[in-house]
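Novice: Input: one structure, supplied below.
The values are calculated or read from the model by the stated rules, or taken from the named source; none is laboratory data. As the structure is a prediction and not an experimental result, all values here were calculated from the model. Don't worry about glycine lacking a Cβ; one is built from the backbone with ideal geometry, like all the others, and counts go over all protein chains shown. Quick note on the areas: whole protein, heavy atoms, side chains included, nothing else; ligands and nucleic acids left out. Shrake-Rupley method; radii C 1.70, N 1.55, O 1.52, S 1.80 Å.
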Amino acid sequence: MSDIAAIVAEIAAEMREATERGQVADYIPPLACISPDRFGMAVVTAQGEVFTAGDAEEPFSIQSISKVFSLTLALGAVGDALWRRVGREPSGSAFNSIVQLESEHGIPRNPFINAGAIVVADVLLSGHEPREAIGSILHFVRALAGDESVIIDERVANAERETGFRNFALANYMRAFGNIRHPVERTLGVYFHQCALAMSCRQLAMAGRFLMHDGRNPATGLSVVSPRRARRINALMMLCGHYDNSGEFAFRTGLAGKSGVGGGILAVAPGIASIAVWSPGLNDKGNSQLGALALERLTQRTGWSVFQPRPVA
Ligand code: GLN
């Protein structure tokens, strides 16, 4: 067994025994009913090897991890013009916070907080029906993962809409500033459906490959985004991907990472690996408690880090 296979198996065994597992998100029934005992991990290396452990084949609600894919698509659609409507600074606030929007004139701090991702969804809606925009996100994620079986869970999307009062508030508030250009129900229809993407750790780690390969999908050899854009998406993930817990995540793992309230984390070690972990129990900032711990142990045991010195070519 290779070192990585042994490390991944060992971490999954340790996580099975962990007692402090955090709290499962309970704002919608489809998430509230998931057992906190679940844990999965998948590592795809730059050489294309895949290592999995635990519940790595079990689809879960990727929630805010979808913000990485929608941002990538929106940058492809409108390029750097996107940055006129959404910022690139860590917010230091909760994922669903509204406080900064008033003083910052309806321009969200970054594309990974809810307000920013709702603007990104609004960009993807331009010139399309909501179902077309949703279809293009699904199609994109399937192509990145190389797996046509990825689906959107309609029960989750409906529950998001029924309970999404804060997201409606954020969207309406930004519409008042002119930064949401479509009726909020339509923009949020896109946002709620992307949050409802269901993927396994294996599928998610596969979908993240382009971010470890400087923007190229290794399966097709085609470039998804330019190297510069891939590096910038990784930079944003590291600085903003865990909301007001982003500093802590970077400190502990040294990786670019994006979390979701379903308990998943997609992490990238550029040139080395794309990693997905899933454990539904969340810490008080809404990020997977054991997911972060598993990534911390993985990076300690492998030495992987964005900051790992590499030979200068
Ligand atoms: N659907 C959730 C929301 O919009 C996503 C948040 C998250 O994963 N952090 O509130």
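Novice: State whether one or more residues within region 166-181 are within 16 Å of the ligand (Cβ to nearest atom), outside any strand (DSSP E or B) and of a type in the set (Lys, Arg).
Specialist: Within region 166-181 (the criterion being within 16 Å of the ligand (Cβ to nearest atom), outside any strand (DSSP E or B) and of a type in the set (Lys, Arg)), the answer is yes, since at least one residue qualifies.
Novice: When you scan region 73-92, do you find a residue that is within 16 Å of the chain's Cα centre (by Cα), more than 25 Å from Arg209 (Cα to Cα) and either within 16 Å of the ligand (Cβ to nearest atom) or of a type in the set (Phe, Trp, Tyr) (or both), even just one?
Specialist: No, there is no match, as no residue in region 73-92 is within 16 Å of the chain's Cα centre (by Cα), more than 25 Å from Arg209 (Cα to Cα) and either within 16 Å of the ligand (Cβ to nearest atom) or of a type in the set (Phe, Trp, Tyr) (or both).
Residue-by-condition table, conditions (1) open to solvent by less than 50 Å² (accessible area, probe 1.4 Å); (2) out of contact with any Cys (no Cβ under 9 Å at 6 or more places or on another chain); (3) in contact (Cβ under 8 Å) with a residue 24 or more places away in the chain; (4) more than 27 Å from Arg228 (Cα to Cα):
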{"residue": "Ala56", "(1), (2), (3), (4)": "yes, no, yes, yes"}
{"residue": "Leu82", "(1), (2), (3), (4)": "yes, yes, yes, no"}
{"residue": "Arg85", "(1), (2), (3), (4)": "yes, yes, yes, no"}
{"residue": "Val99", "(1), (2), (3), (4)": "no, yes, no, yes"}
{"residue": "Asn110", "(1), (2), (3), (4)": "yes, no, yes, no"}
{"residue": "His128", "(1), (2), (3), (4)": "no, yes, no, yes"}
{"residue": "Ala143", "(1), (2), (3), (4)": "no, yes, yes, no"}
{"residue": "Ile151", "(1), (2), (3), (4)": "no, yes, yes, yes"}
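Novice: Determine whether region 258-269 contains at least one residue that is hydrophobic (A, V, I, L, M, F, W, C), more than 16 Å from the ligand (Cβ to nearest atom) and at pLDDT 95 or above.
Specialist: Yes, that holds for at least one residue.
Every residue, every condition in (1) out of contact with any Phe, Trp or Tyr (no Cβ under 8 Å at 6 or more places or on another chain); (2) open to solvent by 40 Å² or more (accessible area, probe 1.4 Å), yes or no:
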site: Ile11; (1), (2): yes, no
site: Pro29; (1), (2): yes, yes
site: Arg38; (1), (2): no, yes
site: Gly76; (1), (2): yes, yes
site: Phe95; (1), (2): no, yes
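Novice: Please verify whether region 196-203 includes one or more residues that are within 21 Å of Ile113 (Cα to Cα) and surrounded by fewer than 24 Cβ atoms within 10 Å (Cβ to Cβ).
Specialist: Within region 196-203 (the criterion being within 21 Å of Ile113 (Cα to Cα) and surrounded by fewer than 24 Cβ atoms within 10 Å (Cβ to Cβ)), the answer is yes, since at least one residue qualifies.
Novice: Based on this model, can you work out whether Val277 counts as open to solvent by 10 Å² or more (accessible area, probe 1.4 Å), within 12 Å of the chain's Cα centre (by Cα) and within 15 Å of the ligand (Cβ to nearest atom)?
Specialist: On the way: open to solvent by 10 Å² or more (accessible area, probe 1.4 Å): no; within 12 Å of the chain's Cα centre (by Cα): yes; within 15 Å of the ligand (Cβ to nearest atom): yes.
No; evaluated as a whole, the condition is false for this residue.
Novice: Sticking with this structure for a sec: Starting from residues that are aliphatic (A, V, I, L, M) and surrounded by 23 or more Cβ atoms within 10 Å (Cβ to Cβ), keep the ones in region 40-54 and report whichever is farthest from Ala12 (Cα to Cα).
Specialist: Val44
Novice: Restricting attention to region 13-23, which residues are open to solvent by less than 30 Å² (accessible area, probe 1.4 Å) and outside any loop (DSSP other than H, G, I, E, B)?
Specialist: Scanning region 13-23 gives a single hit, Met15.
Novice: Something else now. Can you tell me which residue within region 190-239, out of those that are away from the ligand (no atom under 16 Å from the Cβ) and part of a strand (DSSP E or B), is farthest from Phe60 (Cα to Cα)?
Specialist: Ser223
Novice: Checking Tyr243 against (1) touching a helix residue (DSSP H, G or I) at 6+ places or on another chain (Cβ under 8 Å); (2) under 19 Å from Lys67 (Cβ atoms), only one condition comes out false. Which one?
Specialist: Result: Tyr243 fails condition (1) only.
Novice: Among the residues of region 129-165, count how many are in a helix (DSSP H, G or I), more than 16 Å from the ligand (Cβ to nearest atom) and among the acidic types (Asp, Glu).
Specialist: So the answer is 1.
Novice: Identify the residue in region 24-58 that is in a loop (DSSP other than H, G, I, E, B) and among the small types (Gly, Ala, Ser) and, among all such residues, is nearest to the ligand (Cβ to nearest atom).
Specialist: Taking the candidates together, the pick is Ala25.
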